[in-house]
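Engineer: Next up is a structure, given as structure tokens.
The values are calculated or read from the model by the stated rules, or taken from the named source; none is laboratory data. All figures in this text were calculated on a predicted structure; none of them were measured in a lab. Heads up, the Cβs are rebuilt from the backbone with ideal geometry, glycines too, and the neighbour counts pull from every protein chain shown.
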Amino acid sequence: MPAAIRELRKEELCLMPDLMYEAIYLPEGLAPYPRDIIKLPVIDVYISDFGKYPTDHCLLAEVDGSIAGGVWTRFLAGQTKTYEYVEADAPELVIAVFGEYRNQGVGLSLMNAMIKLLGKKGYGTVCLSVDKSNYAVGMYRKLGFKAVGENAIDYVMELSL
């Protein structure tokens, strides 16, 4: 069954920590990270007080009444963090798909819906940071994201909307 994509509801803000934890890439063979990793300032900045700003946007994928994943954007220019942003006026994107829903098109549906939403809102670009070994790099490239920066571990990718 395909995922229904919809906006995050205010009463669902409590899902943000679970989504953030799921969004952290875990290379195959590694033990899961401790749950409190999301409290690190470099990670917490993506979800802390989410929804407080009108530029915070989150879409959820729902399958058979269960949340399958989510995608959200946030402006982080000027925030203290280690991941680089591309431009001050480009929101950063984070996506999470829960394990049992991966490789079923949920991530692609979420990404397409967010790209469409950001375009309607008049944004010119969106960016993200992704581990070079993450299989999602291929999906991002198919969607038109281009690597505009990199370090030993990550690509910084940008999509012109």
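So that you can scan it fast, the table gives a plain yes or no per residue for (1) surrounded by 14 or more Cβ atoms within 10 Å (Cβ to Cβ); (2) under 14 Å from Leu8 (Cα atoms); (3) touching a residue at least 60 places away in the same chain (Cβ under 8 Å):
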{"site": "Pro34", "(1), (2), (3)": "no, no, no"}
{"site": "Val42", "(1), (2), (3)": "no, no, no"}
{"site": "Val45", "(1), (2), (3)": "yes, no, no"}
{"site": "Lys52", "(1), (2), (3)": "no, yes, no"}
{"site": "Asp64", "(1), (2), (3)": "no, no, yes"}
{"site": "Gly70", "(1), (2), (3)": "yes, yes, yes"}
{"site": "Leu76", "(1), (2), (3)": "yes, no, no"}
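Engineer: Go through region 22-32 and count every residue that is surrounded by 11 or more Cβ atoms within 10 Å (Cβ to Cβ) and free of Cβ contacts under 8 Å to residues at least 40 places away in the same chain.
Structural biologist: So the answer is 2.
Engineer: Here's another thing I want to ask about it. Does any residue of region 117-131 turn out to be out of contact with any helix residue (DSSP H, G or I) (no Cβ under 6 Å at 6 or more places or on another chain) and among the basic types (Lys, Arg)?
Structural biologist: The answer is yes, given that some residue of region 117-131 is out of contact with any helix residue (DSSP H, G or I) (no Cβ under 6 Å at 6 or more places or on another chain) and among the basic types (Lys, Arg).
Engineer: Consider region 129-161. How many of its residues are free of Cβ contacts under 8 Å to residues at least 40 places away in the same chain, aliphatic (A, V, I, L, M) and within 22 Å of Asn103 (Cα to Cα)?
Structural biologist: The qualifying residues number 4.
Engineer: Additional query: In region 58-77, what residues are of a type in the set (D, E, K, R) and under 13 Å from the mean Cα position of the chain (by Cα)?
Structural biologist: Arg74
Engineer: Checking the structure you have, find out if any residue of region 78-93 is of a type outside the set (Phe, Trp, Tyr), at pLDDT 95 or above and over 19 Å from Gly51 (Cα atoms).
Structural biologist: The answer is no, given that none of the residues of region 78-93 is of a type outside the set (Phe, Trp, Tyr), at pLDDT 95 or above and over 19 Å from Gly51 (Cα atoms).
Engineer: Still on this structure, I have one more. When Leu118 is evaluated against the numbered criteria (1) within 19 Å of Gly70 (Cα to Cα); (2) free of Cβ contacts under 8 Å to residues at least 24 places away in the same chain, which criterion, by number, is the only one it fails?
Structural biologist: (2)
So that you can scan it fast, the table gives a plain yes or no per residue for (1) exposed (fewer than 14 other Cβ atoms within 10 Å of the Cβ); (2) over 14 Å from the mean Cα position of the chain (by Cα); (3) of a type in the set (S, T, N, Q):
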{"site": "Glu92", "(1), (2), (3)": "no, no, no"}
{"site": "Val97", "(1), (2), (3)": "no, no, no"}
{"site": "Val130", "(1), (2), (3)": "no, no, no"}
{"site": "Asn134", "(1), (2), (3)": "no, no, yes"}
{"site": "Met139", "(1), (2), (3)": "no, no, no"}
{"site": "Val148", "(1), (2), (3)": "no, yes, no"}
{"site": "Ile153", "(1), (2), (3)": "yes, yes, no"}
